[in-house]
Structures are given as structure tokens and as C-alpha cells.
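Below: the structure, in C-alpha cells.
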Amino acid sequence: SSSVRAPERQTGGAAGGGPPGPRSADEIRAAYGRAPLPRRGGGGASEVMGTMEDNRNKLAERGEKLNQIQDKAARMEQDADNFAKLAAKLARDSEKKWWQI
């Protein structure tokens, strides 16, 4: 039976005598027999910050568009209500004779 075993913890720092130090994600992946993730362009934190800023801008634009759609829907609802009232009034008035109006 094949079992997955956690790798042994490092028992020392660089000299092997102190507590274990922080490990990078690649070191942890290597300890578990995983390949390191490929690097994308080497942009690092600035690339992530740029992506986050783009996402924030897109989210703000989406919010603006949703607000515009909501306003337009409210105007259309009001216009439809006004139209229905006018149609009902015209229907009532059309049943009357010209001298009853």
C-alpha cells in the first residue's frame, strides 16, 4: 500500500543548530516532491499590484454600469406606470359621449 508521508522537518538553520527558519513556497514544494511553479515574466509584487489595480478599476466600472441600469429600469417602470394610467383614463373617457367629458 502506498502512503503519503510528510517530509522530515528541518532541525536547524543554515548551520544546522538553531530552530528552523522560514521556507519559501518552492522549498516546501520541493520537500513534498512537487515541481516549483513556473515564473511568469518575473514582475513579482509590482505585477500583482498592477493586476489588483486593474481588477479594482473593472469592479468600479461594473458598479457604475449596474447603477446606470438600475436607474434606467426605475425610469422605465415609472414610464410604464404612467402609460397604464393614461391608457385606463382614455378607455374610461372613450366610453363617454363627447358631451359627458
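Rule-based calculations on the coordinates, nothing more; no lab input. The shown structure was predicted, so the numbers you read here are calculated from the model rather than taken from an experiment. As a convention, Cβ positions derive from the backbone with ideal geometry for all residues, glycine included, and neighbour counts pool all protein chains shown.
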For residue 89, go through the aspartates and glutamates and keep the ones whose alpha-carbon is under 14 Å away, minus same-chain ones fewer than eight residues off.
81
Could you check the spin-label model distance between residue 89 and residue 48? Points 7 Å from the Cα along Cα→Cβ, value in nm.
6.3 nm
Determine, from the Cβ-Cβ distance of residue 25 and residue 68 and an R0 of 35 Å, the FRET efficiency 1/(1 + (r/R0)^6), rounded to the nearest 0.05.
0.25
